[in-house]
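Asker: If you scroll down you'll find the structure; I have some questions about it.
No lab work stands behind these numbers, since they all come straight from the coordinates. This one's a predicted model, so the numbers in the text were calculated from it and none came from an experiment. Glycine also receives a Cβ, built like all others from the backbone with ideal geometry; neighbour counts cover every protein chain displayed.
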């Protein structure tokens with residue numbers, strides 16, 4: 001953990017967690033998902049953090065619309081650059097291929113950029129359904145998720161990875177649990193009993 005690690009408000013739970021907490025939200029209820037994610041984003045905006053959302057199922061404008069419907073105030077004016085919504089294609093596989101190392105470098109750059117711009121912390125949430133579209137390299141998703149646990153202690157971007165249980169198969173969901181130290185259950189963050197250290201998971 002970084003020496004100057006801070007705790008952040010997740011928005012949907014009263015308990016604070018260290019910046020850089022890596023969580024998975026495995027959901028089957030869309031309303032529950034939107035409630036949790038909207039509060040997570042709202043808390044980041046309210047705390048003055050650098051916040052990014054990676055959308056797959058909806059366009060960036062549609063995401064901003066449902067956030068507005070949930071009462072989330074979208075930063076404007078001189079604060080507008082503190083919040084962004086980007087299509088997953090432009091984030092995870094902009095050149096048509098997903099490469100874990102490239103995505104890890106992006107998150108490192110996000111942390112360093114936010115720090116240099118004076119933000120107290122940064123957070124992201126991404127819809128992982130993009131990995132079901134046959135994108136070259138998408139079979140390395142869990143490798144990326146595992147390696148992220150080695151990166152976040154030094155580059156603490158707080159992250160919620162969203163997995164739709166209605167779309168991902170059971171084997172993938174189990175692997176998802178193995179690579180996330182924390183999971184969100186009924187709106188609470190709990191330590192994941194299935195989590196494996198990256199070096200152990202990558203040996204499987």
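Asker: Using every pair of alpha-carbon atoms in the range 116-204, split the distances into 5 Å bins beginning at 0 and state the percent of pairs per bin, rounded to integers.
Answerer: 3, 11, 22, 26, 20, 11, 5, 2, 0
Asker: Tell me, what is the FRET efficiency for residue 167 and residue 109 to the nearest 0.05, using R0 = 45 angstrom and their Cβ-Cβ distance as r? Walk me through the numbers on the way to the answer.
Answerer: Values: r = 29 Å, r/R0 = 0.65.
The calculated FRET efficiency here is 0.95.
Asker: Distance in nm between label sites at residue 89 and residue 185, each 7 Å beyond Cα in the beta-carbon direction?
Answerer: So the label points at residue 89 and residue 185 sit 3.8 nm apart.
Asker: Give the peptides 196-203, 150-157, 37-44 in descending order of average Cβ contacts within 10 Å, highest first.
Answerer: In decreasing order of mean packing, 196-203, 150-157, 37-44 become 37-44, 150-157, 196-203.
Asker: Considering only DSSP beta bridges whose two residues both sit in the range 7-201, what percent are antiparallel, to the nearest 5?
Answerer: Looking only at bridges with both residues in the range 7-201, the antiparallel portion is about 25 percent.
Asker: Something else now. If packing is taken as the average number of other Cβ atoms within 10 Å across a peptide's residues, how do 50-58, 109-117, 6-14 rank, most packed first?
Answerer: Output ranking for 50-58, 109-117, 6-14: 50-58, 6-14, 109-117.
Asker: Now, a different point. Relative contact order, percent, of the range 1-144 when contacts are C-alpha pairs under 8 Å separated by at least 6 residues?
Answerer: For the range 1-144, the relative contact order is 25 percent.
Asker: Something else about it: Helix-only mean residue ellipticity at 222 nm, the chain, DSSP H runs n ≥ 4 weighted -39,500 (n - 2.57), per residue, nearest 500. What is it?
Answerer: Details: 7 runs with 72 residues, N = 204.
Mean residue ellipticity, 222 nm, calculated: -10500 deg cm²/dmol.
Asker: Set the Förster distance to 45 Å, then compute FRET efficiency between residue 73 and residue 143 from the Cβ-Cβ distance, nearest 0.05. Intermediate results must be reported in sequence, preceding the final value.
Answerer: Numbers: r = 37 Å, r/R0 = 0.82.
E(calc), rounded to 0.05, equals 0.75.
Asker: Please work out how much length the chain gains when fully extended from residue 154 to residue 28, using 0.36 nm per residue of separation minus the C-alpha to C-alpha distance, in nm with one decimal.
Answerer: Gain on stretching residue 154 to residue 28: 42.1 nm.
Asker: Also, quick follow-up: Modelling each spin label as a point 7 Å along the Cα-to-Cβ direction, I'd like the residue 6/residue 174 distance in nm, to one decimal.
Answerer: For residue 6 paired with residue 174, the spin-label model returns 4.1 nm.
Asker: In Å, what is the Rg of the alpha-carbon atoms in the chain, and how long is Dmax?
Answerer: 15.8, 49
Asker: What order do you get for 184-192, 88-96 when each peptide is scored by the mean count of other beta carbon atoms within 10 Å, highest first?
Answerer: Values: 184-192: 13.8, 88-96: 16.1.
For the peptides 184-192, 88-96, the packing ranking is 88-96, 184-192.
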